[in-house]
Structure formats: C-alpha cells, structure tokens
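Student: Attaching a single structure in structure tokens format; questions to follow.
The values are calculated or read from the model by the stated rules, or taken from the named source; none is laboratory data. What you are looking at is a predicted structure, and each value in this text was computed from that prediction instead of being measured. For neighbour counting, all protein chains shown are included, and Cβ atoms are generated from backbone atoms with ideal geometry for every residue, glycine included. Just the protein is used for accessible areas: all its heavy atoms, side chains included, with ligands, DNA and RNA removed. Shrake-Rupley method; radii C 1.70, N 1.55, O 1.52, S 1.80 Å.
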Amino acid sequence: MKASTKRLARLALITALGVVFLVLASVLPTGRLALLAVASFAVCVARMLYGFGWGIGVFAVTAGLGFLLYPGAAVISYAAFFGYYPLVKSLLERFHSRVAEWALKLGLYTIVFALYWTLLSVGGTFPWYALYLLGAVAFAVYDWCLSMMVRIYIEKIARYVK
C-alpha cells in the first residue's frame with residue numbers, strides 16, 4: 001500500500017472516531033464534556049502522526065460532519081473551542097515560561113467564555129463570575145487530561161500505530 005493511501009486511510013479512521021464521539025456528546029444526556037475531550041483527542045493524534053496541517057484538516061472535517069449529522073450545542077462547543085484547542089495547546093507549550101503559557105491559555109479561555117456569554121446568553125441568572133471561575137477550573141482539568149491522554153498515547157499506543 002502506498003504511503004499516501006495509508007496516511008489517508010488512517011486520517012479517515014481518526015476523523016470517523018472523532019465524529020462518533022462528537023455525535024455521542026450531542027446525543028447522550030450526560031458526559032458531554034468528557035466526550036468532547038475525547039473527540040478533540042482525534043486532532044491530537046492526527047497532529048502527532050502527520051503534522052499540524054493534518055490536525056487542522058481533521059478538526060475541520062470533524063466539525064463539518066458534526067454540523068451535518070447532528071447540529072447542536074455540543075458541535076458548537078467543539079467548533080468554538082474543543083476541536084482546535086489541542087493545536088493551540090501544542091503551540092503554546094513550546095514557550096519556555098509556564099506563566100506565559102498559562103496566561104495565553106487562560107486568555108483564550110476568557111475570549112471563548114465572553115463569546116459564549118454574549119452571543120448565546122449562557123447562564124441566565126447565574127452570576128457570570130462564578131460560572132467563569134467554575135469553567136476555568138474545568139478548563140484546567142481538561143488541559144491536564146489532554147496532556148495525560150497524549151502521554152498515554154505516546155508511551156503505550158504509538159509504537160503499534162507505525
């Protein structure tokens with residue numbers, strides 16, 4: 001099998017898995033954030049295997065198929081943050097300063113939070129600052145879990161994928 005055909009087949013499987021978890025996040029009543037995190041991991045795997053550009057492609061195709069198959073809040077969350085965050089994370093973690101890295105990560109979270117709050121009227125009567133702080137904690141946990149998933153992939157799975 002040609003290398004380009006093998007790459008395309010793997011990327012199609014990775015994208016399909018991302019779409020499955022994205023649709024599950026849209027359909028199932030609980031576990032939405034965890035399923036979105038797993039769906040975003042597909043972008044990580046594509047980036048680790050074939051580079052940044054292919055990661056963007058997997059994100060775009062997964063988000064597009066998600067909107068076609070089951071448009072809803074989960075797909076919007078994926079397109080607005082979860083889908084591209086692994087790519088941004090890989091760039092930001094190249095900084096030598098943890099403070100600068102986390103300042104930029106929290107800055108991105110703040111921008112996405114503000115867009116959600118203003119455009120989608122999230123929260124209702126719940127105080128925005130409490131929701132922001134809870135979301136920041138959830139974001140930090142997501143960032144850590146994504147790092148752990150990458151570590152597990154590299155240490156346990158990557159040698160079987162080559």
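Student: Among the residues of segment 6-46, count how many are in a helix (DSSP H, G or I) and open to solvent by less than 70 Å² (accessible area, probe 1.4 Å).
Tutor: Within segment 6-46, residues that are in a helix (DSSP H, G or I) and open to solvent by less than 70 Å² (accessible area, probe 1.4 Å) number 28.
Student: Got a sec? Which helices (runs of 4 or more DSSP H) wholly within segment 49-162 have at least 2 residues that are free of Cβ contacts under 8 Å to residues at least 40 places away in the same chain? Please lay out each step first, then the result.
Tutor: Values: elements: 52-69, 73-77, 85-92, 98-120, 128-152, 158-161.
Once the helices (runs of 4 or more DSSP H) in segment 49-162 are filtered for at least 2 residues that are free of Cβ contacts under 8 Å to residues at least 40 places away in the same chain, what remains is 52-69, 85-92, 98-120, 128-152, 158-161.
Student: Being aromatic (F, W, Y), within 23 Å of L28 (Cβ to Cβ), surrounded by 13 or more Cβ atoms within 10 Å (Cβ to Cβ) and modelled with pLDDT of 95 or more narrows it down to one residue among F81, F59; which is it? If you could, list the steps in order and put the result at the bottom.
Tutor: Working: F81 fails: modelled with pLDDT of 95 or more.
Of the residues listed, the single one that is aromatic (F, W, Y), within 23 Å of L28 (Cβ to Cβ), surrounded by 13 or more Cβ atoms within 10 Å (Cβ to Cβ) and modelled with pLDDT of 95 or more is F59.
Student: Further question: Name the single residue, out of those in segment 68-78 being open to solvent by 30 Å² or more (accessible area, probe 1.4 Å) and modelled with pLDDT of 90 or more, that is farthest from L28 (Cα to Cα).
Tutor: This residue is L68.
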